[in-house]
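To start, the structure under review is shown below, and the notes come after it.
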Amino acid sequence: MNDCILLGKSGRKRYSAEVRRAWDGFDCPYGKPEHLYEPLFANTYTACGQQFEFVEGGDILWDLAHDPITYSQVVGKGELFGVEVATLKSLILARPQLKAEYNHLRKNDRKVLTDVAYLRYRSPQLVALPNLSAKS
């Protein structure tokens with residue numbers, strides 16, 4: 001799970017120009033018809049020939065916050081590039097209360113998908129970051 005502070009802090013590091021160039025992004029359509037669904041912008045960071053995709057995950061954290069027991073079991077804290085971030089200890093994407101769509105439409109009549117939809121779409125390719133130091 002990404003914290004927006006990561007973007008700002010990485011841009012102020014010693015090699016900030018290289019770090020800023022390493023950040024990019026793309027519109028991810030989740031494999032759904034683009035005429036029906038608004039794509040989600042996914043931030044990417046390229047380092048050592050690897051591209052990392054970052055999604056803020058606010059939708060997941062918001063939905064889980066209504067169930068404190070599950071929240072404490074599933075959400076932890078870690079450190080990534082010197083920035084504290086929220087992490088998922090396990091993928092709980094099948095839970096029905098985690099909504100994949102918002103209730104509203106954009107003015108172009110396309111449905112707006114949540115971070116949960118992105119993670120469900122990407123779940124077969126998700127790999128845990130081994131060097132992410134866990135704090136809890």
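The set of residues in segment 19-38 that are over 17 Å from Ser123 (Cα atoms), touching a Phe, Trp or Tyr at 6+ places or on another chain (Cβ under 9 Å) and not hydroxyl-bearing (Ser, Thr, Tyr) comprises Val19, Ala22, Trp23, Asp24, Gly25, Phe26, Asp27. A count restricted to segment 112-136 and to residues that are at pLDDT 80 or above, surrounded by fewer than 10 Cβ atoms within 10 Å (Cβ to Cβ) and of a type in the set (A, V, I, L, M) stands at 0.
Among the strands (runs of 3 or more DSSP E) confined to segment 64-111, the ones with at least 1 residues that are of a type in the set (Phe, Trp, Tyr) and at pLDDT below 80 are located at 101-105.
With respect to the conditions (1) of a type in the set (S, T, N, Q); (2) at pLDDT 80 or above; (3) part of a strand (DSSP E or B); (4) open to solvent by 30 Å² or more (accessible area, probe 1.4 Å), Thr44 falls short on a single one, namely (4). Among the residues of segment 25-34, at least one is free of Cβ contacts under 8 Å to residues at least 24 places away in the same chain, assigned to a strand (DSSP E or B), among the aromatic types (Phe, Trp, Tyr) and open to solvent by 30 Å² or more (accessible area, probe 1.4 Å).
The values are calculated or read from the model by the stated rules, or taken from the named source; none is laboratory data. None of the values given here were measured: they were computed from a predicted structure. Here the Cβ is made from the backbone with ideal geometry for all residues, glycine too, and neighbour counts use every protein chain on show. For the accessible areas, the whole protein counts, side chains as well, though only heavy atoms, and no ligand, DNA or RNA atoms are used. Shrake-Rupley method; radii C 1.70, N 1.55, O 1.52, S 1.80 Å.
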